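Shown next, in structure tokens, is the structure this report addresses.
The values are calculated or read from the model by the stated rules, or taken from the named source; none is laboratory data. Computed from a predicted structure; not experimentally measured. Here the Cβ is made from the backbone with ideal geometry for all residues, glycine too, and neighbour counts use every protein chain on show. Accessible surface areas use protein heavy atoms only, side chains included; no ligands, DNA or RNA. Shrake-Rupley method; radii C 1.70, N 1.55, O 1.52, S 1.80 Å.
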Amino acid sequence: MGEVSQDALDKLKSLMDQVEEPLQRTFQNVHQGYVTETLIRFLKAREWNVSKAHRMLVDSLNWRVQNEIDNILSKPIVPPDLYRSIRDSQLIGLSGYSKEGLPVYAIGVGLSTFDKASVHYYVQSHIQINEYRDRVVLPSSSKKHGQPITTCVKVLDMTGLKFSALNQIKLLTIISSIDDLNYPEKTNTYYIVNAPYIFSACWKVVKPLLQERTRRKVQVLPGCGRDELLQIMDEASLPHFCRKEGSGSSRRSEGSSENCYSLDHPFHQELYNYIKEQSRIHSEPIKQGSFHVDFPEPPAEEVEIAKTIESELHKFENCNGVSDSLDGLKINGD
């Protein structure tokens, strides 16, 4: 966890002990028994300023209560064909675990199109994956390894980035803002793979806008990053697009049970079945229609990063006519 200010931690814990219901109840779903680790995450997100961390955490808890986030894992996206379409266009999945027990999430930044459903469905799906990670995946890994495991690893595949992805910046900003404000410091390391050649130029512009703690988490790997990733995980946990050079993140480059984006992959099958079971347990009526969540106002730095990325992409498009881009590398704060 790095250096911890015990004084700041004690003060924030004292403040949180004074929080009343229903915030205390939703706070339990957030910390899952790991109160210290959770408080440290929010303190890190606010540079160890106790009052700011307290405000951030209370605001997040209020957001959870007002939007019934505690119930989102009992709200399946139906019919299944719609959910399959979302999975085919919002490429994310759990490929395995690092040798230390951290979940490895693969994200197909370049080939995600977000064009098969409304924004609300994609936000619902994203939050459900977050909540399932925090309430099921991480506690299970913690129990297995006998120690708190409260963060994950993300492998971002840049294959297929195009200027048309400019249309996705608004949605990506919404998702990024939700993560920044409500799920801070949940990612231990971001590994960037299959980056196009213009990546370095765009990265130079975006990097200074990121907070130092975020910059330290980002590692740009050569090619598909296979050799480097094998130092922290077994081959079975490698995302399918990292298993050989040039494999890319094609949705069909592996069998559906090996492609962690696919609804047929064990992770998504378990997640979908878990949500349906939770709906049954809580006697929630299964109905069509997305679960609407209030979108937070993006932090100023998020807006600046989005504008900078958009500006740089237009620059490349107008000057070079290059088809690859950096869209999707909005990783500040998570």
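A few points about this structure:
- Spin-label model, Lys244 to Leu209: label points 7 Å out along the Cα-to-beta-carbon direction sit 3.8 nm apart.
- Under 5 Å from the amide H of Val220 lie the amide H atoms of Ile192, each residue being 5 or more positions distant or on a separate chain, with H modelled from the backbone and absent for Pro and chain starts.
- The DSSP beta bridges internal to the chain are antiparallel in roughly 30% of cases.
- Accessible solvent surface per residue of the chain, calculated while the other protein chains remain in place, 1.4 angstrom probe, Å²: 44 Å²
- Candidates Gly108, Gly33, Gly96, ranked by Gaussian network fluctuation over the chain, Cα under 10 Å, top entry: Gly33
- Gaussian network model of the chain, Cα within-10 Å springs - most flexible of Val153, Val19, Val65: Val19
- With a Förster radius of 45 Å applied to the C-beta separation of Ser85 and Arg25, the computed FRET efficiency comes to 0.85.
- Per-residue ellipticity at 222 nm computed for the chain from its helices equals -13500 deg cm²/dmol, with DSSP H segments shorter than 4 residues left out and the rest contributing -39,500 (n - 2.57).
- From the Kirkwood radius over Cα pairs of segment 104-191, Stokes-Einstein at 10 °C and 1.306 mPa s returns a whole-number translational diffusion coefficient of 110 µm²/s.
- Charge dipole (debye, nearest 20) of the chain; +1 at Cβ of Lys and Arg, -1 at Cβ of Asp and Glu: 220 debye
- Extent of the chain along its three principal axes (Cα atoms, max minus min coordinate, largest first): 57, 43, 37 Å.
- Two-site FRET efficiency, Ser200 against Ser311, from Cβ-Cβ distance with R₀ of 25 Å, rounded to 0.05: 0.90
- Rounded, prolate or oblate (a/c below 1.5 giving rounded, otherwise prolate when a/b exceeds b/c) for segment 14-114 by Cα gyration tensor: prolate
- Sites Asp17 and His292, calculated FRET efficiency, Cβ-Cβ separation with R0 45 Å, nearest 0.05: 0.85
- Since only Gly110, Tyr121, Ile77 are under comparison, the one whose Cα sits farthest along the positive direction of the charge dipole of segment 1-139, derived from C-beta charges on Lys, Arg, Asp and Glu, is Gly110.
- Checking the cross-link pairs Lys44/Lys217; Lys170/Lys315; Lys244/Lys276; Lys204/Lys307 against a 25 Å limit on the alpha carbon distance flags Lys244/Lys276 as lying beyond it.
- Distance between segment 97-129 and segment 14-52 - C-alpha centres, whole angstrom: 25 Å
- For segment 227-235, 3J(HN,Hα) per residue [Karplus equation, 6.51 cos²θ - 1.76 cosθ + 1.60, θ = phi - 60°, Hz, x = Gly/Pro]: 4, 5, 5, 5, 6, 10, 8, 6, 4
- Placing +1 on the Cβ of every Lys and Arg and -1 on the Cβ of every Asp and Glu, with nothing else charged, gives segment 114-214 a dipole about its Cα centre of roughly 160 debye.
- Accessible carbon and sulfur surface of segment 67-196 relative to its total accessible area, %, 1.4 Å: 51 percent
- Candidates Leu171, Leu57, Leu91, ranked by Gaussian network fluctuation over the chain, Cα under 10 Å, top entry: Leu171
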